[in-house]
Amino acid sequence: MAESTEVVDLCRELIRIDTSNYGSEEGPGERKAAEHVAGLLDEVGIAAEVIETAPGRANVLARWGGTGASGRQDALLLHGHLDVVPAAAEDWQVDPFSGEVDGGYVWGRGAVDMKDFDAMLLSVVRARQRSGRVPERPVVLCFTADEEAGGHQGAELLVKHHADWFEGCTEAVGEVGGFSTTVRGRRLYLIEAAEKGMAWMRLTARGRAGHGSMINDDNAVTRLASAVARLGAHEWPVRLTPTMQTLLAAVAELVGTEATPENAPALVEEFGGAARMLGAVLRNSTNPTMLGAGYKVNVIPTEATAHVDGRFLPGFEDEFFTTLAELTGEGIEIDYVSNQPPWEMPYDGALVDAMTRSLLAEDPDALVAPYLMSGGTDAKHFTKLGMRSYGFAPLRLPEDLDFTALFHGVDERVPVESLEFGARVMDRFLDQV
């Protein structure tokens, strides 16, 4: 298939464009990558628009299909992001922006998050456009900026200020899902059907300044440190959402038991390396990540700050924020760097059936089930427009590859065979939607 031969080259080209997102105004931005993507679409006759939300922060939007005899009006959004997290070259075996092919893998920052899916999508769309296999259903193609920092310069602003692009979109497909893991020798593909909410918090404690040699019962550092310690040490209870109940029921059947909140952690361990990610969606979480206070060892400062990464399960928002207030206690101000709600979709319907059939057509002996994502994606913004959203960036992975370790880690890489597999699955998927 033409798209399979092109997908590797497109992935390498995108990796070579440094789009590192430092979560600040630093960094190269996505403009160069956005222009490259727009050019690839324009080349095959799909008119693309580059929308810049801040200097260098660029998104790409295009409309495709919708010209069939069916007259179908409800559109499908296919979206991926162009930015990547930073990479320190000295920590890598290869240059993280080389797109090098070695040992059957494409190496580089973004190889699995998510220039691989961008390449799959582009290769399939370009091949279908060239051959006249344009979908009857209207499709909106969207490649965003700033996803790795919450989407505030990308999907969030597109939803707020360019919602006309998404008019008629009832469903959306993006990252992170469709990748395989192995349980008891059986390959299992995970489709993202839910995400935890995200509360990035800045905690501030204020007290009385003074000399470090004197007694001070109003010490901002002490008050903040106590709150941070309580948040970091708190053991949140296991809570199973409908998505995780469905996933763990499938695993329990393979193991020969039933899924319960009590044995949920043990069932998650069946996923091996993926257990680190899936274990995080059994509970709410609060992880302290940054501390700041003072300017001299013998001076008690008036202010101390901390940043905490909070994540909360769909349906358990009230429990999260009530417990958060109890744990931080009095005298701590909480400001939100980013506060985004969770979401959870029903795991049924024509779109889910199309994803499942497409995977099983390429891997008939596998299983397919939903999962809840511990991190965040642009779907948090697109769901605000009422779209039914899923993560589906298909990859058939070697059993010994720790896929979750590649997210934001060193030596990020994706198997060439997995890229070609994903392109074939996406081609089948577009035949059915």
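The values are calculated or read from the model by the stated rules, or taken from the named source; none is laboratory data. What you see is a predicted model; the values in this text were computed from it and never measured. So basically every Cβ, Gly included, is an ideal-geometry build from the backbone, and we count neighbours across all protein chains shown. Only protein heavy atoms, including side chains, enter the accessible area calculation; ligands, DNA and RNA are left aside. Shrake-Rupley method; radii C 1.70, N 1.55, O 1.52, S 1.80 Å.
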Checking A379 against (1) among the hydrophobic types (A, V, I, L, M, F, W, C); (2) open to solvent by 10 Å² or more (accessible area, probe 1.4 Å); (3) more than 18 Å from G272 (Cβ to Cβ), which test does it fail?
(2)
With the requirement that a residue be more than 15 Å from L76 (Cα to Cα) and either of a type in the set (K, R) or assigned to a helix (DSSP H, G or I) (or both), what does the range 412-427 give you?
R413, V416, E417, S418, L419, E420, F421, G422, A423, R424, V425
Any idea which of (1) in a strand (DSSP E or B); (2) at pLDDT 95 or above; (3) aliphatic (A, V, I, L, M) is the one L121 doesn't satisfy?
(1)
Any residue that is assigned to a helix (DSSP H, G or I), among the aliphatic types (A, V, I, L, M) and farther than 30 Å from T305 by Cβ - is there at least one of those in the range 172-181?
no
Out of curiosity, is T67 open to solvent by 10 Å² or more (accessible area, probe 1.4 Å) and either assigned to a strand (DSSP E or B) or under 22 Å from G391 (Cα atoms) (or both)?
no
Looking at (1) open to solvent by less than 20 Å² (accessible area, probe 1.4 Å); (2) in a loop (DSSP other than H, G, I, E, B); (3) acidic (D, E), can you tell me which one D116 breaks?
(2)
Hits in the range 58-82 (condition: at pLDDT 95 or above and of a type outside the set (A, V, I, L, M, F, W, C))
N59, R63, H79, G80, H81
Residue satisfying condition, being farther than 24 Å from E156 by Cα, open to solvent by less than 10 Å² (accessible area, probe 1.4 Å) and hydrophobic (A, V, I, L, M, F, W, C), within set V410, V368, V414
V414
May I ask you to verify whether P86 is touching a residue at least 24 places away in the same chain (Cβ under 8 Å), open to solvent by 30 Å² or more (accessible area, probe 1.4 Å) and in the same structural domain as L401 (by the TED database)?
yes
Does F316 count as at negative phi, open to solvent by 20 Å² or more (accessible area, probe 1.4 Å) and modelled with pLDDT of 95 or more?
yes
If I ask for residues that are surrounded by fewer than 19 Cβ atoms within 10 Å (Cβ to Cβ), of a type in the set (D, E) and outside any helix (DSSP H, G or I), which ones from the range 132-170 would you list?
E136, E167
Would you mind finding the one in G210, G185 that is farther than 28 Å from L360 by Cα, at pLDDT below 95 and either in contact with a strand residue (DSSP E or B) (Cβ under 7 Å, 6 or more places away or on another chain) or surrounded by fewer than 15 Cβ atoms within 10 Å (Cβ to Cβ) (or both)?
G210
Candidates A194, A155, A145, A149 - the one that is modelled with pLDDT of 95 or more, within 30 Å of G232 (Cα to Cα), in contact with an Asp or Glu (Cβ under 9 Å, 6 or more places away or on another chain) and of a type in the set (G, A, S):
A194
Tell me, which strands (runs of 3 or more DSSP E) lie completely within the range 273-391 with 3 or more residues that are closer than 29 Å to R208 by Cα?
285-293, 303-312, 332-340
So which residues in the range 214-245 are buried (at least 18 other Cβ atoms within 10 Å of the Cβ), outside any loop (DSSP other than H, G, I, E, B) and either polar (S, T, N, Q) or within 26 Å of the chain's Cα centre (by Cα) (or both), if there are any at all?
L231, T243, M244
Regarding G23, is this residue modelled with pLDDT under 95, under 28 Å from G168 (Cβ atoms) and either open to solvent by 40 Å² or more (accessible area, probe 1.4 Å) or assigned to a helix (DSSP H, G or I) (or both)?
no
One residue is enough: does the range 288-301 have a residue meeting the conditions of a type in the set (K, R) and surrounded by 13 or more Cβ atoms within 10 Å (Cβ to Cβ)?
no
